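Below is one structure; the comments refer to it alone.
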Amino acid sequence: MRNRGRELRECVPVRVRDRAAAADRPAVLDFIEASNRGRLDHLIPLRIGRMAASPFSFFRGAAGLMAADLAAGPVSGLDAQLCGDAHAANFGFYGTSRGKIVMDINDFDETVRGPWEWDLERLAASLVLAGREGDADADNCLDAARDAVQSYRATIAELAEQPFLSSWTALADESALGQASADALLDDFREAAKKARKNTSAKVARKWTEHLEGHETGIVKRKFVPDPPILTTVDAAVTDAVIDGLTAYVGTLRESRRLLISRYSLSDIAFRVVGTGSVGLHSYLALLHGNGDEALVLQLKQATPSTLTPYLPPVPTRHEGERIVQGARAVQAETDILLGWTTLRVNGRELPFIVRQFRNLKGGIDPSALDADHLDDYGRLAGALLARAHARSVDPRLLAGYLEDGEALDEAVARFAVRYADRTEADHAELVAAVKDGRLTAATD
């Protein structure tokens, strides 16, 4: 197994990871126009505004543009289940079914099977951009990118020696800090985890909903309080579509979880804008009530084809929501027990969606807000988590063989990351110029 990895390294040396962006990449404004197709027109200016906020924000909404650049270069020949958008802010906290806080990759809209190195290179470039946004100097940014790659390699090497059952669930809690030599993040980790523990459906119900007046059944029911443009009411047709979609969604859960979700009753539905790359897609919150005053908030988020798909061999996809759910289940050490998929008929169109808990102890560490000397620690943590994620879908012994004695990879990817951050800053500047001269309209929240 290791020998096969070594043979692939002979064919595609690690030094080739140090390269330039594709010469025939899409023009920035053409890419943005194409990525806006099919979105809700009235929310496109908000998406433009969020992407224009900073180069790091632009990067977060431009996974497809980077895929075009990465696809122009050679690949190792080893495929993993990719996050597809493994930037530094897509690693975060969430709660397990037993209320334990874990940290892992937490966004799979772009997940697809592809070259493992694409995720690693996107992570490295994002660390440079996050560091620059936080006023880290060039050395700090370069160190963070380099350390992420080194940590990825070291973790793969360790996982390749472990029993399969141990490597499958490794690095799922605070112990990951020590294993990734990221102990300097301990205070940041614990503070973020403390905040995440308060991020629950009950908190959403307290802050975003009100009791229905005159309700006389003895059951506590609530409704969302609109907060435009982020949280808005929906009409009866959408309500009916969501109800039908939730009914179908139940069948995508494991049998025991179908029994669990069937105990809840629906109180209200609202539209909520989310993310940067996802702005303009359909996204709904479903407020359910359970035992007594228990609240459960589910998110139904439109699933579109991965922006990496045009740059990879075609693979039939039955349902884009199923693709995302199965990708998350393949990669995460533990997944949301209520994660599933469905289809909604909205405005005469059949649209795929994922369904998940909206606030199940979610949180994270903002890499752009870290002290400059903690950025490399965050890079090591994220690199280790990414390695563990990849090791669930590609044998770590294969990767370990390819990465053996691969210190040159650390430098190659780090140098690429700096140059790609420069490229992204130029792309962002082009977007900002288009907003300033009126070619694009931008809005703020």
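The values are calculated or read from the model by the stated rules, or taken from the named source; none is laboratory data. Just so you know, these numbers come straight off a predicted model, no measurement behind them. Because the Cβ atoms are built from the backbone with ideal geometry, glycine has one as well, and the counts that use them run over all protein chains shown.
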(message) Within the stretch 1-10, does at least one residue satisfy the condition of being modelled with pLDDT of 90 or more, in a loop (DSSP other than H, G, I, E, B) and not acidic (Asp, Glu)?
(response) no
(message) Please go through the stretch 91-138 and give me each residue that is over 21 Å from Arg380 (Cα atoms) and of a type in the set (Val, Ile, Thr), ordered by number.
(response) Thr96, Thr111, Val112
(message) Looking only at the stretch 122-142, count every residue that is part of a helix (DSSP H, G or I) and surrounded by 24 or more Cβ atoms within 10 Å (Cβ to Cβ) and tell me the total.
(response) 11
(request) Collect the residues in the stretch 371-386 that are touching a helix residue (DSSP H, G or I) at 6+ places or on another chain (Cβ under 6 Å) and surrounded by fewer than 24 Cβ atoms within 10 Å (Cβ to Cβ), keeping them in residue-number order. (result) Ala372, His374
(message) Given the criterion at pLDDT 95 or above, surrounded by fewer than 19 Cβ atoms within 10 Å (Cβ to Cβ) and not basic (Lys, Arg), identify the matching residue among Val250, Val242.
(response) Val250
(message) Quick check on Asp405: is it surrounded by fewer than 19 Cβ atoms within 10 Å (Cβ to Cβ) and free of Cβ contacts under 8 Å to residues at least 12 places away in the same chain?
(response) yes
(request) Hey, can you tell me all the residues within the stretch 281-321 that are among the aliphatic types (A, V, I, L, M), outside any loop (DSSP other than H, G, I, E, B) and farther than 19 Å from Asp268 by Cα? (result) none
(message) Looking at the stretch 350-371, can you tell me whether even one residue there is more than 20 Å from the chain's Cα centre (by Cα) and part of a strand (DSSP E or B)?
(response) yes
(message) For the stretch 91-121, give me the residue count where each residue is in a strand (DSSP E or B) and among the β-branched types (Val, Ile, Thr).
(response) 4
(message) Looking only at residues that are in a helix (DSSP H, G or I) and touching a residue at least 60 places away in the same chain (Cβ under 8 Å) in the stretch 430-445, which one is farthest from Pro45 (Cα to Cα)?
(response) Glu430
(request) Have a look at Arg349, Arg356 and point out the one that is modelled with pLDDT under 95 and either in contact with a Pro (Cβ under 6 Å, 6 or more places away or on another chain) or among the charged types (D, E, K, R) (or both). (result) Arg349
